[in-house]
1. Which numbered condition trips up N40, out of (1) at positive phi; (2) not in a strand (DSSP E or B); (3) not hydrophobic (A, V, I, L, M, F, W, C)?
2. Being among the hydrophobic types (A, V, I, L, M, F, W, C) and surrounded by fewer than 18 Cβ atoms within 10 Å (Cβ to Cβ) is the filter here; which residues of region 26-40 pass it?
3. Scan region 60-72 for residues that are touching a Phe, Trp or Tyr at 6+ places or on another chain (Cβ under 7 Å), in a strand (DSSP E or B) and not acidic (D, E) and jot them down.
4. Kindly indicate whether F49 is without any contact (Cβ under 8 Å) to a residue 24 or more places away in the chain, farther than 17 Å from F97 by Cα and buried (at least 20 other Cβ atoms within 10 Å of the Cβ).
5. Test I82 against the criterion of being under 13 Å from the mean Cα position of the chain (by Cα) and not in a loop (DSSP other than H, G, I, E, B), and give yes or no.
6. Open to solvent by less than 40 Å² (accessible area, probe 1.4 Å) and not in a strand (DSSP E or B): which single residue out of F87, F97 fits that description?
7. Give M105, M55 a once-over and let me know the one that is assigned to a strand (DSSP E or B), open to solvent by less than 60 Å² (accessible area, probe 1.4 Å) and touching a residue at least 60 places away in the same chain (Cβ under 8 Å).
8. Pairs only if they're at least six apart or on different chains, beta carbon under 7 angstrom, first in region 19-30 and part of a helix (DSSP H, G or I), second of a type in the set (V, I, T); list them, first residue then second.
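The values are calculated or read from the model by the stated rules, or taken from the named source; none is laboratory data. It should be emphasised that the depicted structure is a prediction, and the values quoted were computed from it without experimental measurement. Cβ coordinates were reconstructed from backbone atoms using ideal geometry, including for glycine residues, and neighbour counts include every protein chain displayed. Keep in mind that these areas ignore ligands, DNA and RNA; they rest on the heavy atoms of the full protein, side chains included. Shrake-Rupley method; radii C 1.70, N 1.55, O 1.52, S 1.80 Å.
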Amino acid sequence: GNTPNGIRFSPQLDKLYFGVTDHDCVYVYDYDKTTGKLSNKKVFASGCFPDGIAMDINGNLWVTDCRQGRPLLCYNPQGEVIDEIYFPVYRIISVAFGGEDNSTMFVTASGGNSPKGNYDGGDFVIENIATGAEEFILKGM
């Protein structure tokens, strides 16, 4: 199957990152902002079972690996893991930046059918670990 989970542009709007959980990877495409066309599909990160992604202003991609006990992973623009953050939960499923200056990271843990631990189904807030990149809105769609 194909389960897309997470789509983000690079800060320069020249790359598009696309997480596919069932493929156990994040793909990257070249993006032409003049034509809107995607090309040159490549595997950017593999073995990460992505369930949510966020981009920071430095072009680092933050990926929630939604398998049991796996960390939040930070990949630099070359696709190398440069940070791992573990949480005391069964699995993490979403990551986003927000707050007044976009430097607050929000990480959501799975609830529902997960084993119930103290923090399962909750949210974690991390201040000043990175600043989130601007979100792009496509017009005329």
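1. The single condition N40 does not satisfy is (2).
2. Across region 26-40, the qualifying residue is only L38.
3. The answer is L61, V63, L72.
4. No: the conditions fail for F49.
5. It is false that I82 is under 13 Å from the mean Cα position of the chain (by Cα) and not in a loop (DSSP other than H, G, I, E, B).
6. Result of the check over F87, F97: F87.
7. It is M55.
8. Short answer, once both residue conditions are applied: T21/T3; D22/T3.
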